[in-house]
Amino acid sequence: MHAPQTVTVLFTDMVGSTDLAARVGDDAADAIRRTHFALLRDASGRSDGAEVKTPGDGLIVGFRSVLQSIHCAAGLL
């Protein structure tokens, strides 16, 4: 039997994405969302995160340690 493991989960959300699309249009909002995802994926990759799911305008990323998730979150600032 395997020992239990702790996984830390980071959930991100692009607040106001619906209003953004209404203001700038769908194409521009999609370009902003792609850039947003690229920045998130870069930060999570540098922190050894594993992308679990992409729920619309955010990411769910799992980390093997709390410190990795904090390093990722700090990299997003």
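Quick look at the values:
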| read-out | value |
| --- | --- |
| Members of region 41-77 found to be out of contact with any Phe, Trp or Tyr (no Cβ under 9 Å at 6 or more places or on another chain) and assigned to a loop (DSSP other than H, G, I, E, B), listed by number | GLY56, ARG64, SER65, LEU76, LEU77 |
| Set THR12, THR18: member being on the phi < 0 side of the Ramachandran plot and open to solvent by less than 40 Å² (accessible area, probe 1.4 Å) | THR12 |
| Check on ALA28, without any contact (Cβ under 8 Å) to a residue 12 or more places away in the chain and open to solvent by less than 50 Å² (accessible area, probe 1.4 Å) | yes |
| Selection count where residues are loosely packed, with under 14 Cβ neighbours inside 10 Å and either in contact with a Lys or Arg (Cβ under 8 Å, 6 or more places away or on another chain) or small (Gly, Ala, Ser) (or both), scope region 61-77 | 2 |
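The values are calculated or read from the model by the stated rules, or taken from the named source; none is laboratory data. Source: prediction; values computed, not measured. Backbone-built Cβ (ideal geometry, glycine too); neighbour counts: all protein chains shown. When the accessible area is computed, the model is the full protein with side chains, heavy atoms only, and any ligands, DNA or RNA have been set aside. Shrake-Rupley method; radii C 1.70, N 1.55, O 1.52, S 1.80 Å.
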